[in-house]
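First up is the structure itself, then whatever we jot down about it.
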Amino acid sequence: MSAALEEFCGSIFWNASYLSRPDADLPVCFQQTVLVWVPLGFFWILAPWQLLPMCKSRAKKSSVTKLYIIKQVLATLLMLTAVAELALAFVEDTEQDPLPAVQYTNPSLYIATWLLVLLIHDARRFCLCRDSGILFCFWTLSLLCGILPFQSLLRRALQVGLVGSSVLPYGLVRSTKKVPSDFISWQDISGITGVPAVTASFLSSITFEWYTSMVFKGYRKPLEIEDIWELKGKDKIQAIYTVWEKNMKTAVRKAQAELEKRKRKKRRQKTDPDHGNNMSKAQSQDILVLEEKQPKRKKKGDKGDSGPRKDLPRGWLVKTLCKTFWQNLLLSVAFKLVHDGLVFVSPQLLKLLIAFVSDEESFAWQGYLYTILLFLTALIQSLCLQQYFSLCFQLGIKVRASLIAAIYKKALTMSSATRKESTVGETVNLMSADAQRFMDMANFIHQLWSSPLQIILSIVFLWGELGPSVLAGIAVMVLLIPINAFLVAKSKTIQVRNMKNKDERMKIMSEILNGIKILKLFAWEPSFEKRVNEIRARELKDLVNFSYLQSISIFVFMCAPFLVSLASFAVYVLVDENNILDAQKAFTAISLFNVLRFPMAMLPLVLSSLVQTNVSTVRLERYLGGDDLDSSAIHHNPIAGSAVLFSEATFAWEQDGNAAIRDVTLDIAPGSLVAVVGAVGSGKSSLVSAMLGEMENIKGHINIQGSLAYVPQQAWIQNATLKDNILFGSELDEARYQQVIKACALLPDLELLPAGDQTEIGEKGINLSGGQKQRVSLARAVYSNADIYVLDDPLSAVDAHVGKYLFKHVLGPKGLLQKKTRILVTHSISFLPQVDNIVVLVAGAVSEHGSYSTLLANRGAFAQFLNLYGSQEEDASDKNTTEQDDEDIEPIVEESLDDVVTMTLKREASIRQREFSRRWELNLSSQVSPWALHCSLGKRVPGGFPGGFLQRRDWEPPYVKFSMYLRYLHAVGLCYSFWVAMGYVGQYAAFVGTNLWLSAWTDDAERYLNQTYPVEQRDLRIGVFGALGLLQALFLLFATLLSARGAMRASRVMHQQLLSNILRVPMSFFDTTPTGRIVNRFAKDIFTIDETIPMSFRSWLSCFMAIISTLLMISLATPFFALIIIPLSIFYYFVLRFYVSTSRQLRRLDSVTRSPIYSHFGETVSGLSVIRAYGHQQRFLKQNESTMDINQKSVHSWIVSNRWLAIRLEFVGSLVVVFSALLAVISKGTLEGGIVGLSVSSALNVTQTLNWLVRMSSELETNIVAVERVHEYTKVKNEAPWVTEKRPPRGWPSKGEIQFVDYKVRYRPELELVLQGISCNIAGTEKVGVVGRTGAGKSSLTNCLFRVLEAAGGSIIIDDVDIATIGLHDLRQNLTIIPQDPVLFTGTLRMNLDPFDQYTDEEVWKALELAHLKTYVQDLPEGLLHLVSEGGENLSVGQRQLVCLARAVLRKAKILILDEATAAVDLETDNLIQTTIRSKFADCTVLTIAHRLHTIMDSNRVMVLQAGRIVEYDSPEELLKKQGTFSAMAKDAGIVNTETTTL
């Protein structure tokens, strides 16, 4: 080979003696062949692909830029040089002997190459990215290879004194040529797409330079979602999901086929008598029949799951993922392989470097060469690693995105049976938890093959260094695995137990916050505080145990590297006295052991994560493989004269369940109004669901002509503006819109809402009353202008007079919808005479149908039904109808008087319609951004934010102040903090000591070069090395145990302060702060303080000390290094500052934009029937896609920011390595091998630590905010003290007299008065009813008695004690209230009645008896200890109301306030309550806040309030005679005299 080359060059090809001299050089022939052909070969293999855009692209070329012209000119010049060289060769050839062939071939090759370069430059104009990566690599290679000939030419020139060859200009031209080609800046073309990543040059892409502007922007100002660059087209959800769905379908089909095969096999086994499965023939036949039945049932679509639930098509999910993302997987494997290979090059170079320093004879250029190689290795390694990570994280978010999109789509098409299998919560969990698991797994999936590979390679190299004694070190590592596993298992059980405690604490907390009004009115706060503190104590005990375990496992983990090296070295030296530990062996081994640590730690983690992902796979496959909705029974054939036709329709909720509607045959004519009536549970709603195709068809069909609109029983309201809720995706037609709003009685509501129809409505319509929601839902249907209206009892939630108005203007024969077909399910009898047709359902079948008069004449079920209910409704309704018809008045807008809040809101709204300085806040997701939430909702309301009901967000400061860290350290205890820090200092002092000792030990090899190594010296070395290592571990253990104690102390202090303060703040705080936000303080922020902050603090300290000690060791070896530290640390600091602020904001944007995905999903699932009825699935899919793209782009940006940082930090790390090596080379003669090994091996390790320090700083900054947020709530102003110096006399109030003396009150200082100076006396034992229109101040009156509101003037005196002078608990414990909505807490029934255990069991039973609950409670298996579920869900509303009555009876105070329950209580319960009150509280003063006048007609006196003043105050009889406000109200309610009050 070399002979042929020598002939080709005409000179010698290789001569080793060239290298063994101080001014080493390469032979000319080697330079002319190898160094020229390597770059050219690389280029010619890869370049032709770069011309593809020219061939296939239809796109127009981009314009010619200056840069393009410069590049082309330079390439042409290079080509001309090559031509000149060739010409020169020919000229010289004719003059003298023939030249060697190389003189012709090289220029010809170059001419072809430069031509190709010109072409490629032109071809790149078809691409968005003008720059070519292959050209970049070619230039870099050419430059590297050109340097060597260039320097030998220079040398020759200096010797000869003239330049005699054309290669010189080459090297020069080439080095200049490189510049323009690579550093094509993207700024000039990023405008095209708005996505700089697309147009970034190659260099910019691999170093993420294009992202720098974003980091600067984030540093200068808080980032908003608009600032973040869009995703590339191929990264958008739609593109990803299209591919994924295609692959999923084929995979599912295959899995389905396999499943069928498995089934057939099973069946064969069962029928085959040889396999006689220990059953008789008959049995196995039965089983076969069962097996046969099921598959037949569900063979629809390509995703049906046939057979029982446990046997599903499996294993398709992973296949689909691999098939969809194979390119990404392959690329990342390539990068990872390069990186893993290079990881092992550094230790070998280190070995060579140590050998170089120890060897007197070696040449200086070798040292410089090793240094350059170390630098290049580190550089390429970090570039590959960052590309690999970038790919992995991209894969993660894409996998998560496609799973979420698939789950969302499935939710829209899934059958009701499958829907029943999983609750909304579970499905959202699939989205958040399971998809997240896949994302985490995708990040580390390659560790599955890379970790074993790295472990094997490390062992191979170590064996080369230390021989079999490596096994000792590896044995230690392997032994540590079970110890770690044991610790992990232990801490897992603690964690699980702690999660239970946490859940329990959070459950009580959210109950406390939801029922805070009751706690305050009954003065029960101390009891609940005690309960929470008990749970918290258990939680902290577990937490501290967990921290102890954690410190032990950290201790083990920290001991590991040192124990491993101790074991290996000790065994190595002890096995054979000829084995002397020299620097090469020791430090190469140490850096290899460092390489080993990472895969050893990662592998178990990845495996456990794999197990978890497996669980998720099964869950996702079950969900995504479930049945789809089958609406084949709904036909759309045109049949004249019929809008909806039921033909023997029988439907059930589940395929083999009982039929909910049977054999219904109905023909509904177009344009008719049909009422569907029947008792509760007779199948009215099922009939509606069947029409919508939500049920499983058993036989028959339904034919529907035209489009549908649907109003469900429970209004479904989206989290959007009121207007969007009504338009529901249709175009806006202003005239019709106004008409609809007027007809649906929404105009008065719009006046009250802060921004009219632009008001943002909270989740589940939280800021609308029940009646408003129902009317919005109705308006949506009316606006949609469909042909057929299906109305499921829309009038139940509104007041009677509003119901009449709606019927008249919308539904009835004269309403807006008079020409449409309307099917109205109703309970209200008063409208029946006006409908065209009535359908009476009994037990799912139509018992009779016809017009009102026909049915009455039939004397069937319907007539009886009317006789039962009719009489009461008729007289009331007659009077009202007459009045309504006389003057067509707009109804008074009803609302559930849920609370003081709604009242305040309205009052506030009216005052502040124009200024939204104090925006009302309601926390949507539990955690959204500190600045604006509106960006996450993706739309801005024109003109700032009217409607900012949900706006001002959960607070988070833009910058982290140092005081927060101090506050946390104060909570830990300054003494603790100091000793923890000292522990870490001690640990790292010992660490430096260990390493210096090792370096001294290795220098013994030089000292005792040809002598026997003294045994006592050897034992001393091993002993001290061991002792120092142990000391290091003990210091660490001391520090971590102390920090565990300190952290627990901080947690306890902070939670205690937060809880006791929250229970003492006034009611107004809870009215203006969303519960979600307060709960968030107790959940997320306390969790952060408990677990995240201590960890972050420890890691930060540890990293910081590690870096300091490394720099110290390098400076000890080469003192000049200290000078280099300064500029490096300045650069590092700036990168860190920039990055940390941007990273925090991106994290924040991620959480802001993530919650809308889940809330939109939850909303979709709860409103599924509505979305399907209107046929809006596509629109919702689109909306989900855009919501997700917004989140994806912020996550994507965050990922890139991490890579941006890592590349820069690793560059700093590489510089540290280079300088430590360079200085070692420069100061060669003065250094021992050991100290050089120490300094360079520490430097090699510093890169990771630098990276970690930034991560930890950023995490600590993100988390420390929790301290401030908790602190903020411990500073909220408290209400008056619970107990003051002045205590009321014992047995107060004994008479029960109440005096109001010119009493005024307002809700907040800046608002106007609610009660405007009330004066009246209420005698002892008097029964007083309080009435008034909505907003007259009735509820404010009770709030004043309990001092939930403090007086703005005047006073209330009860039995000669001014209530403002005594403690709140003294006051509240002596009054009793039966509140409007019955609130119960989780716990026993007894706890709900008597939380302080003040009464005996007999008294409790007595109270229950008086509340008519005794028999019910006696029948319960646990009696008084019966557990009440959250919010009292397992009791009926009536029973809950009776429990509240029992509370009052048990307290038996002299004054009872009865805030009458408006809704939900049936007449029977109401009667029970009234009788008990009349008998039991005969000797008490009773104030009844009435909403129905019937209840107060037998009071002694009635107080009529209007606009905060008393307008009438007398006995009911007197007031009826006066033609005043009261008699008008009575007339409305159909009461003529006090006798008509019987119900």
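The values are calculated or read from the model by the stated rules, or taken from the named source; none is laboratory data. From a predicted model like this one, the values you see are computed outputs, not experimental measurements. As a convention, Cβ positions derive from the backbone with ideal geometry for all residues, glycine included, and neighbour counts pool all protein chains shown. Ligands, DNA and RNA are stripped out before the accessible areas are found, and what is left, the full protein with its side chains, is counted by its heavy atoms. Shrake-Rupley method; radii C 1.70, N 1.55, O 1.52, S 1.80 Å.
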Notebook entry, point to check: Rounded, prolate or oblate: which fits the stretch 46-115, taking a ≥ b ≥ c as square roots of the Cα gyration tensor eigenvalues, rounded meaning a/c under 1.5, else prolate when a/b beats b/c?
Noted result: prolate
Item checked: Above-threshold pairs, the threshold being 19 Å between Cα atoms, out of 723/773; 723/819; 1406/1452 -> 723/819
Check: In square angstrom, rounded to the nearest 10, how much accessible surface does residue 1049 have for a 1.4 Å probe?
Finding: 90 Å²
Next item on the list: Could you tell me the distance between the Cα centroids of the stretch 437-467 and the stretch 1233-1307, to the nearest Å?
Entry: 43 Å
Check: Considering only DSSP beta bridges whose two residues both sit in the chain, what percent are antiparallel, to the nearest 5?
Finding: 55 percent
Next item on the list: Please give the length that would be gained between residue 1230 and residue 489 if that part of the chain were fully extended, namely 0.36 nm times their separation in residues minus their C-alpha to C-alpha distance (nm, one decimal).
Entry: 261.5 nm
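Under a 1.4 angstrom probe, counting protein chains only, how are 127, 392 ranked by accessible area, largest first?
127, 392
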Notebook entry, point to check: Across 5 Å bins from the origin, how do the percents of Cα pairs in the stretch 1357-1440 run, short distances first?
Noted result: 3, 12, 20, 23, 15, 11, 8, 6, 2, 0
Item checked: Convex hull volume of the stretch 1254-1360 per residue (C-alpha atoms, cubic angstrom) -> 181 Å³
Notebook entry, point to check: What accessible surface, in Å², does a 1.4 Å probe find on residue 576, ignoring ligands, DNA and RNA and rounding to the nearest 10?
Noted result: 60 Å²
Next item on the list: Please list 631, 402 in order of solvent-accessible area, largest first, computed with a 1.4 Å probe with all protein chains present.
Entry: 631, 402
Next item on the list: With 10 Å bins from zero, work out the P(r) of the stretch 532-629 over every alpha carbon pair and list the percent per bin.
Entry: 12, 21, 21, 20, 14, 8, 3, 1
Next item on the list: Could you order 635, 1176 so the one with the most accessible surface comes first? Probe is 1.4 Å.
Entry: 635, 1176
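About the Cα centre of the chain, what is the dipole size in debye to 20, counting +1 per Lys and Arg Cβ and -1 per Asp and Glu Cβ, all else neutral? Please list the in-between numbers first.
Numbers: 159 positive and 150 negative charges, 361 e Å.
Roughly 1740 debye, rounded to the nearest 20.
Translational diffusion coefficient of the stretch 424-573 at 4 °C, 1.567 mPa s, Stokes-Einstein with Kirkwood Rh over Cα pairs, in µm²/s as a whole number.
Working: Rh = 20.2 Å.
The Stokes-Einstein estimate is 64 µm²/s.
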Item checked: Model label zone, residue 507; criterion: amide N under 18 Å from point 7 Å along Cα-to-beta-carbon; scope the stretch 524-538 -> 528-538
Margin query: Whole angstrom only: what separates the Cα centroid of the stretch 18-96 from the Cα centroid of the stretch 557-572?
Written below: 53 Å
Checklist line | Compactness of the stretch 966-1047, expressed as Rg and Dmax over alpha-carbon positions, Å | finding: 18.5, 62
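In whole percent, and with a 1.4 Å probe on the protein chains, what portion of the accessible area of the chain is carbon and sulfur?
Answer for the chain is 61 percent, counting heavy atoms of protein chains only.
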Check: Which listed residue (596, 980, 725) has the Cα farthest towards the positive end of the charge dipole for the chain, taking +1 on Lys and Arg C-beta and -1 on Asp and Glu C-beta about the Cα centre?
Finding: 596
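Obtain the radius of gyration and the Kirkwood radius of the stretch 798-859 from its C-alpha atoms and give Rg over Rh.
Working: Rg = 12.6 Å, Rh = 12.8 Å.
Rounded to two decimals, Rg/Rh equals 0.99.
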Item checked: Under 15 Å, Cβ to Cβ, from residue 966 - net charge with Lys/Arg +1 and Asp/Glu -1 -> 0
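For the stretch 698-836, what does the accessible surface come to per residue with a 1.4 Å probe? Please give it in Å². Intermediate values should be presented prior to the final figure.
Details: 4720 Å² over 139 residues.
Accessible surface, normalised per residue, equals 34 Å².
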Next item on the list: Using +1 at the Cβ of each Lys and Arg and -1 at the Cβ of each Asp and Glu in the chain, identify which of 208, 1400, 63 lies farthest towards the dipole's positive end.
Entry: 63
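As a test of the definition: which semi-axes, in Å, follow for the stretch 1-98 when you take the square root of five times each eigenvalue of its alpha carbon gyration tensor? Largest first, please.
Details: eigenvalues 279, 77, 46 Å².
Over the Cα atoms of the stretch 1-98, the semi-axes work out to 37, 20, 15 Å.
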Notebook entry, point to check: Can you give the direction-averaged projected area of the convex hull of the alpha-carbon atoms in the stretch 1232-1304, in nm²?
Noted result: 12.6 nm²
Check: Rule-of-thumb check for the stretch 1290-1445: C-alpha Rg over 2.2 N^0.38 Å?
Finding: 1.24
Item checked: Under the Debye formula (equal points on every Cα, no solvent term), log10 I(q)/I(0) of the stretch 1329-1395 at q = 0.15, 0.18 Å⁻¹ -> -0.65, -0.86
Next item on the list: Mind grabbing the base-10 log of I(q)/I(0) for the stretch 668-779 at q = 0.10, 0.19 Å⁻¹? Debye formula, identical points on the C-alpha positions, no solvent, two decimal places.
Entry: -0.39, -1.10
Checklist line | Equivalent ellipsoid semi-axes, the stretch 572-668, via Cα gyration tensor eigenvalues times 5, rooted, Å | finding: 78, 14, 6
Next item on the list: Work out how much length residue 533 to residue 648 would gain on full extension: take 0.36 nm times their residue separation and subtract the Cα-Cα distance, in nm to one decimal.
Entry: 35.2 nm
Next item on the list: With everything on Cα atoms, drop me the angle between helix 1467-1480 and the longest principal axis of the chain, reported from 0 to 90° to the nearest 10.
Entry: 70 degrees
Next item on the list: Using every Cα-Cα pair within the chain, state what percent have a distance larger than 51 Å.
Entry: 49 percent
Item checked: Alpha-carbon Debye profile of the stretch 1117-1184, log10 I(q)/I(0) at 0.14, 0.19 Å⁻¹ -> -0.64, -0.82
Item checked: In order through the stretch 509-524: 3J(HN,Hα) via Karplus (6.51 cos²θ - 1.76 cosθ + 1.60), integer Hz, x for Gly, Pro -> 4, 5, 5, 4, 5, 6, x, 4, 4, 5, 4, 5, 5, 9, 6, 9
Next item on the list: Quick one: which residues, 5 or more positions from residue 767 or on another chain, have an amide H under 5 Å from its amide H? H modelled 1.01 Å from N in the peptide plane, none for Pro or chain starts.
Entry: 762
Next item on the list: Report, by chain and number, residues whose modeled amide H sits under 5 Å from the one on residue 699, excluding near sequence neighbours (fewer than 5 apart, same chain).
Entry: 650
Notebook entry, point to check: Based only on Cα atoms, what Rg/Rh ratio does the stretch 1131-1266 have, Rh being taken as Kirkwood's radius?
Noted result: 1.30
Checklist line | Amide hydrogen neighbours beyond the local backbone of residue 831, cut-off 5 Å, H modeled | finding: none
Item checked: 0 to 90° range, to nearest 10: angle between helix 861-886 axis and the chain longest Cα axis -> 90 degrees
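Computed over the Cα atoms, what is the radius of gyration of the stretch 350-410 divided by 2.2 N^0.38 Å, N being its residue count?
Details: Rg = 22.8 Å, N = 61, 2.2 N^0.38 = 10.5 Å.
Working it through for the stretch 350-410, the quotient is 2.17.
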Check: Tell me, what HN-Hα J-couplings in whole Hz come from the Karplus equation 6.51 cos²θ - 1.76 cosθ + 1.60 at θ = phi - 60° for each residue of the stretch 1091-1104, using x for Gly and Pro?
Finding: 10, 6, 4, x, 4, 4, 4, 4, 4, 5, 4, 4, 4, 4
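Cα-Cα over 23 Å: which of 420/820; 246/699; 232/323; 541/1277? Walk me through the numbers before you get to the answer.
Working: 420/820 34 Å; 246/699 34 Å; 232/323 21 Å; 541/1277 31 Å.
Beyond 23 Å: 420/820; 246/699; 541/1277.
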Notebook entry, point to check: Once the mean 1/r over all distinct Cα pairs of the stretch 1379-1515 is inverted, what Kirkwood radius in angstroms do you read off?
Noted result: 16.0 Å
Margin query: How many angstrom lie between the Cα centre of the stretch 1398-1444 and the Cα centre of the stretch 342-411?
Written below: 69 Å
Check: Karplus couplings for the stretch 220-233 from phi (6.51 cos²θ - 1.76 cosθ + 1.60, θ = phi - 60°), rounded to Hz, Gly and Pro as x?
Finding: 6, 8, x, 6, 10, 5, 5, 6, 7, 5, 5, 6, 5, x
Next item on the list: With all protein chains present, calculate the accessible area of residue 742 using a 1.4 Å probe and round the result to the nearest 10 Å².
Entry: 100 Å²
Note to self: Only sites in a loop by DSSP and with at most 16 other Cβ atoms within 10 Å count here; which trypsin sites (Lys or Arg not before Pro) in the stretch 1214-1298 make the cut?
What the structure shows: 1275, 1277, 1286, 1290, 1295
